[in-house]
Every structure is written in C-alpha cells, then in structure tokens.
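In what follows, a single structure is set out as structure tokens and then discussed.
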Amino acid sequence: AQSVTQLDSQVPVFEEAPVELRCNYSSSVSVYLFWYVQYPNQGLQLLLKYLSGSTLVESINGFEAEFNKSQTSFHLRKPSVHISDTAEYFCAVGRTYKYIFGTGTRLKVLA
Amino acid sequence: DAGVIQSPRHEVTEMGQEVTLRCKPISGHNSLFWYRQTMMRGLELLIYFNNNVPIDDSGMPEDRFSAKMPNASFSTLKIQPSEPRDSAVYFCASRSSGGLTYNEQFFGPGTRLTVL
C-alpha cells in the first residue's frame, strides 16, 4: 500500500521569499513521484515529476523538488515566489495507473 | 489540442435526480480516469479505463454510480439517484500509453456538482 502525507495544509509567504512545501510518502515498492498544481476553478496540472535518475527535478517556472529515498520525502521548493504562484499544490505517488494524492497544500503569496 | 474537456462545468440538482457528467479525453490517449475531490477526502480515484475497458472500479462508492466509455473519445459518469453527499468536484483525466508523457495524467477542468 502507498500513502502520501502533506503536513502543511496552508503556507503563507511573502512575495520574493523562498518556500518549501513538504511531502512524505510510504511505499513498499519503488514509485514515481509527482507535484501537481491547481489554480482556482481549474483542474490539476503537472508541475514536475521524478521517475528515475537525478534526484533533483525542476519545473519551467522555477520550482524544484528533490527525491530523498532515505527520508521518503519529495519536498517542493522555490527560491523566490511570485503572486501568481498562489495555488494549491498536490504531491502524488504511483507506479502503474493508481496515483495516490496528498491532501494538498494551499500556498498563498502575500504582497 | 484542446485538452481534456468536461461538461457541464457546474451542475445543481435536487436529491433523487439523475446526474450525467461527460468527458472527452485528449485525442490519442488510451487511459481515462474519473476522480472525485472533496474537502474531507481529498482526491479519490473512482474508476480507471484502459482502451475503453473498465480496469479498476474499486473506487466507485456504491451502485448509484456508474461509468461508461463507449468509444475512445467519450466517457460518462452517472449518478442515479443523486444524494447531497455526492456534492463534490468530479475530474476526468487521460493519459497516453507511450511517449514522453506516458506516466502523466492530464486533468480536465472538473464539474462542480451540488445536490440539494
């Protein structure tokens, strides 16, 4: 069985400050890891994914996440956030078709 | 490509009525998923189709829920009769079987269902 824990339900941060959204998972088999972003009244969009290889993965809009096997974590980070990053972020794990999603972290960027 | 298309975007109905949600996956994708999102339970997988065949419907909450995929470009999720506890956002997602994005699920904008 697999599970995902996103410890922070809400994270407020000032614009241009760094942010880290935490994700921990458990699985008895190797899995793929994902971060999805959901803007208000929209569907989920893939932000970045870890399949294999380099443990540090990056998105096109400045986010990065690092797969840490020993700590079973896949935290999402951005060195400087923008107002437009305000959204809900979901961590997900899976291997085949069944992806388990975390409960989400609402990132609110303050001016 | 227009992405995954869902209709209607919003549905308000009364308890006991039949509700049909519709989904058009991305052309060429052969996997389709229906999810339900609520504050209490988060995002739950209801049913998974591969090549139009239901593979896993273990997430369908009860017999009131049914889903069909008559062809590769259309799927429906039906609730009959609907109940207030079915109020949620229902998402459809699709995925290809190969290529660079084979493990990425592409989500539609969702249908917000309110059952009074």
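The values are calculated or read from the model by the stated rules, or taken from the named source; none is laboratory data. Treat the numbers as computed from the prediction; the structure is a model and nothing was measured. Don't worry about glycine lacking a Cβ; one is built from the backbone with ideal geometry, like all the others, and counts go over all protein chains shown. For the accessible areas, the whole protein counts, side chains as well, though only heavy atoms, and no ligand, DNA or RNA atoms are used. Shrake-Rupley method; radii C 1.70, N 1.55, O 1.52, S 1.80 Å.
Radius of gyration (Cα atoms) of chain A, expressed as a multiple of 2.2 N^0.38 Å: 1.01.
Evaluate the relative contact order of chain A (contact order divided by residue number), counting alpha-carbon pairs under 8 angstrom at least 6 apart; express in whole percent.
Values: 269 pairs, mean separation 41.8, N = 111.
In percent, rounded to a whole number, it is 38.
Calculation over all alpha carbon pairs of the protein assembly as shown in 10 angstrom steps from 0 returns a P(r) of 8, 32, 35, 20, 5, 0 percent.
I need the calculated FRET efficiency for the pair A:Lys108 and B:Phe74, taking r as the beta carbon distance and R₀ as 45 Å, to the nearest 0.05.
Working: r = 38 Å, r/R0 = 0.84.
In this case the efficiency is close to 0.75.
The eigenvalues of the Cα gyration tensor, multiplied by 5 and square-rooted, give region A:1-46 an equivalent ellipsoid with semi-axes of 24, 15, 10 Å from largest to smallest. Over region B:28-116, the hull volume per residue, using the convex hull of the C-alpha atoms, is 99 Å³.
About its Cα centre, chain A has a charge dipole of approximately 420 debye under the convention of +1 per Lys or Arg Cβ and -1 per Asp or Glu Cβ, with nothing else charged.
Report, in debye and to the nearest 20, how large the dipole of the protein assembly as shown comes out about its Cα centre when Lys and Arg carry +1 and Asp and Glu carry -1 on their Cβ.
On the way: 20 positive and 21 negative charges, 54 e Å.
Taking the Cα centre of the protein assembly as shown as origin, the dipole is about 260 debye.
For A:Glu58 and A:Ala1, the difference between the fully extended length at 0.36 nm per residue and the C-alpha to C-alpha distance is 17.8 nm. Its alpha carbons considered, region B:4-75 gives a radius of gyration followed by a Dmax of 12.7, 37 Å.
Counting only pairs 8 or more residues apart or on different chains, how many lysine pairs in chain A have their Cα atoms under 16 Å apart? Display every interim value, and only then the final one.
Values: A:Lys49/A:Lys69; A:Lys49/A:Lys78; A:Lys49/A:Lys98; A:Lys78/A:Lys108.
Number of lysine pairs found: 4.
Averaging the sequence gap over all C-alpha pairs within less than 8 Å and six or more residues apart, then dividing by the number of residues, gives chain B a relative contact order of 36 percent. In this structure B:Leu43 has an accessible area near 20 Å², from a 1.4 Å probe over the protein heavy atoms. The residue list B:Asn52, B:Gln37, B:Gln105 was ranked by how far each Cα lies along the charge dipole of chain B toward its positive end, using unit charges on Cβ atoms, and B:Gln105 comes out on top.
With both labels modelled 7 Å from their Cα along Cα-to-Cβ, the B:Glu14 to B:Asp56 distance reads 3.9 nm.
Within a 10 angstrom radius of each residue's Cβ in A:38-46, how many Cβ atoms of other chains show up on average? Whole number is fine.
The mean count of partner-chain Cβ atoms within 10 Å per residue comes to 6.
If DNA, RNA and ligands are ignored and the probe is 1.4 Å, what is the ranking of B:Phe74, A:Phe34 by accessible area, most exposed first?
Details: B:Phe74 70, A:Phe34 0 Å².
Order by accessible area, largest first: B:Phe74, A:Phe34.
For the pair A:Phe14 and A:Thr72, a Förster radius of 35 Å applied to the C-beta separation gives a FRET efficiency near 0.70, rounded to the nearest 0.05.
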